[in-house]
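For reference, the structure is listed below as structure tokens.
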Amino acid sequence: MSGSPAERRPVDVEPVESVEPRRPVDVESVEPRRPVDVAVGVLIDADGRFLLTSRPAGKVYAGYWEFPGGKVEAGETVEQALARELHEELGITIGPAERWRVEIVDYEHARVRLHFCKVFGWRGEFQMREGQAMAWQRLPVQVRPVLPGTVPVLQWFAAEQGFAGATHRG
């Protein structure tokens, strides 16, 4: 091998200036956000009414009406999470939860996988432990505004009941 490093030149290689510079990749637009699992209680009383609660002040969508529930923690089943959440939020102990439907909703702040469970029995007096309000409803729902993740459930109720018309007000 002859010559100093300065004399050595690669053969058949394009100059560096012609290589296009690297650009950052927007990973979030390529890969969807992983959904957070949420257990949701659809409490139905003996008269066929269902319970909606308002989201408390200080939370995203405060004042919007929804079916109560919360995040499924590591190691919990949906049913265990639902029992824990409804006790923490409403002060009740639920009976068996019947898994009903699953819906993924993409909110601006989070992507959630909502596990809707029908609950027909519970013990205890309702206590709004997070300062929320509660309302027993039938179709069409009279409270408003309704959280976007609640709308599919109202449509499922309408289909089950043969209800025609708007399921909720604006």
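What to note about this one:
- Whole-angstrom gap from region 122-166 to region 46-61, using each part's C-alpha centre: 7 Å
- For Val146, distant residues with modelled amide H under 5 Å away: Trp65
- Neighbourhood charge, 15 Å Cβ-Cβ cut-off, centred on Trp65 and excluding it, Lys, Arg +1 and Asp, Glu -1: +3
- Solvent exposure, largest accessible area first (probe 1.4 Å, DNA, RNA and ligands not counted), of Glu108, Glu66, Glu79: Glu108, Glu79, Glu66
- Charge dipole (debye, nearest 20) of region 58-170; +1 at Cβ of Lys and Arg, -1 at Cβ of Asp and Glu: 260 debye
- Taking all protein chains together and rolling a 1.4 Å probe, Thr93 ends up with roughly 60 Å² accessible.
- Of the residues Tyr64, Tyr107, ranked by 1.4 Å probe accessible area with the largest first, the sequence reads Tyr64, Tyr107.
- Space enclosed by the convex hull of the alpha-carbon atoms of region 61-170, per residue, Å³: 117 Å³
- Under 15 Å, Cβ to Cβ, from Thr93 - net charge with Lys/Arg +1 and Asp/Glu -1: -2
The values are calculated or read from the model by the stated rules, or taken from the named source; none is laboratory data. From a predicted model like this one, the values you see are computed outputs, not experimental measurements. Neighbour counts are summed over all protein chains in view; Cβ atoms, including those assigned to glycine, are modelled from backbone coordinates with ideal geometry. Remember, those area values only see protein heavy atoms, side chains included, never the ligands or the DNA or RNA. Shrake-Rupley method; radii C 1.70, N 1.55, O 1.52, S 1.80 Å.
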